[in-house]
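Below: the structure, in structure tokens.
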Amino acid sequence: MIYLLLCIACSAGIFLLFRAFKGWGAHTLQAIVINYGVAALLGWTLSGGFSTLKMAWGTPWVNTAMAVGILFIYLFHLIARSTQELGVTVTSIAAKLSMVIPVAVFLVFDPTDEPALTKLLAVGLAVPAVVLSSWKNEKQASNRSWVIPLIIFLGGGLIDLMFGWYSGPEHMIRIEFRYLFATIPFSVAFIIGLGLLLKAKIRTVPSHIDYNKTITWIGGIILGVINFGSLYLLLEAFDKLPLDRSAIMPITNLGIVLVSSLMAIYAFKEKLSTTNWMGLLLGALSIGLLLAPTWIN
């Protein structure tokens, strides 16, 4: 259970850092690229480097990890933008509602995943939980504000499905492979990010915004450590927890929503409506139902 709790804490920290970047004067894209560089360096060190990649080369999950890396840099930038423009709660919920995609796939196609009544009820509660938690009045959000969360939802669901599908012991036959599986996407995203920064530098347009380079580096480094940690800990949770994969994803995502929302209220004074609080309570109830098998055993 410690892996799951630490994963939730790290993932919630990502949203809170993005929210803080704007106030700190950090350059978001530069911090994101630094983050991926730090996460990749940490991963290559822990995985054993290219010797481990050589052993794993040719396996389906290596190609999958590369594809995820392409999505990473794009979605991360969207998450940062959404967090700063729409708030921590809205963004975290838009990202974590994506859990319905892998959950549905696991329940239908994974023969080891049992569609128990409590699980189906919990997943059923999870959907209105995230919707109610993110609900905003028309005065608070424009029509276009839903476009970014929708993209985050679809992309996040695809990423969660890929990692969940290949997280089992039949694919991660060595502990180094688990580190490598978390490392490859960060490496690909880092290379793409460097290209974007180079392109932006060549086509520099004078800006009146004065970014803080020191804060950008510090923020990027911290973000890289917790970003790598959140992904690796999620893979560990898939492997170690006595729960079906279709249960782990809702628990993780709802936990992130709850923690990030409560921390945003405390740290950034974000205000939640009665409807939002109802959604968070439904989310807590859903987590309790999904964890019920571990409590009974």
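Residues that are within 17 Å of residue 227 (Cα to Cα): find the helices (runs of 4 or more DSSP H) completely inside segment 45-111 holding 1 or more of those.
60-86, 88-96
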Subject >> Among the residues listed as 195, 168, the single one being surrounded by fewer than 19 Cβ atoms within 10 Å (Cβ to Cβ), in a loop (DSSP other than H, G, I, E, B), out of contact with any strand residue (DSSP E or B) (no Cβ under 9 Å at 6 or more places or on another chain) and small (Gly, Ala, Ser) >> reply: 168
Original post:
From the set of residues in segment 238-290 that are under 26 Å from residue 20 (Cα atoms) and part of a loop (DSSP other than H, G, I, E, B), which is modelled with the lowest pLDDT?
Top reply: 270
Original post:
Which condition number in (1) within 16 Å of the chain's Cα centre (by Cα); (2) at pLDDT below 85; (3) surrounded by 24 or more Cβ atoms within 10 Å (Cβ to Cβ) is the one that residue 32 fails?
Top reply: (2)
Original post:
Out of curiosity, is residue 284 without any contact (Cβ under 8 Å) to a residue 40 or more places away in the chain and in contact with a helix residue (DSSP H, G or I) (Cβ under 8 Å, 6 or more places away or on another chain)?
Top reply: yes
Original post:
Looking at (1) in contact with a Leu (Cβ under 8 Å, 6 or more places away or on another chain); (2) crowded, with 24+ Cβ neighbours inside 10 Å; (3) closer than 20 Å to residue 180 by Cβ, which is the one condition that is false for residue 53?
Top reply: (2)
Subject >> Single match in 65, 126, 122 (criterion: over 14 Å from the mean Cα position of the chain (by Cα), in contact (Cβ under 8 Å) with a residue 12 or more places away in the chain, closer than 13 Å to residue 183 by Cα and crowded, with 20+ Cβ neighbours inside 10 Å) >> reply: 65
Original post:
Just to be sure, is residue 12 buried (at least 20 other Cβ atoms within 10 Å of the Cβ) and in a helix (DSSP H, G or I)?
Top reply: yes
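Filtering segment 46-62 down to residues that are over 20 Å from residue 169 (Cβ atoms) and of a type outside the set (Ser, Thr, Tyr), which residue is farthest from the chain's Cα centre (by Cα)?
54
Against the definition (under 30 Å from residue 63 (Cα atoms) and among the hydrophobic types (A, V, I, L, M, F, W, C)), how does residue 262 come out, yes or no? Explain how you work it out, then say what you get.
On the way: under 30 Å from residue 63 (Cα atoms): no; among the hydrophobic types (A, V, I, L, M, F, W, C): yes.
Against the criterion (under 30 Å from residue 63 (Cα atoms) and among the hydrophobic types (A, V, I, L, M, F, W, C)), residue 262 does not qualify.
Specify the residue that is farthest from residue 74 (Cα to Cα); the eligible residues are those in segment 169-180 that are in contact with a helix residue (DSSP H, G or I) (Cβ under 7 Å, 6 or more places away or on another chain) and not basic (Lys, Arg).
Here is the first cut: in segment 169-180, the residues in contact with a helix residue (DSSP H, G or I) (Cβ under 7 Å, 6 or more places away or on another chain) are 169, 171-172, 176-180.
Next, only the ones that are not basic (Lys, Arg) stay: 169, 171-172, 176-177, 179-180.
Values: 169: 30, 171: 27, 172: 27, 176: 27, 177: 25, 179: 22, 180: 21 Å.
Per the criteria, the residue is 169.
Could you run through segment 41-95 and say how many residues are in contact with a Gly (Cβ under 6 Å, 6 or more places away or on another chain) and at positive phi?
Just the residues of segment 41-95 that are in contact with a Gly (Cβ under 6 Å, 6 or more places away or on another chain), to begin with: 71, 73, 75, 95.
Adding the requirement that they be at positive phi leaves none.
Count: 0.
The values are calculated or read from the model by the stated rules, or taken from the named source; none is laboratory data. Note that the structure is predicted; figures quoted are calculated from it, not measured. Virtual Cβ from ideal backbone geometry, glycine too; neighbours counted across all protein chains shown.
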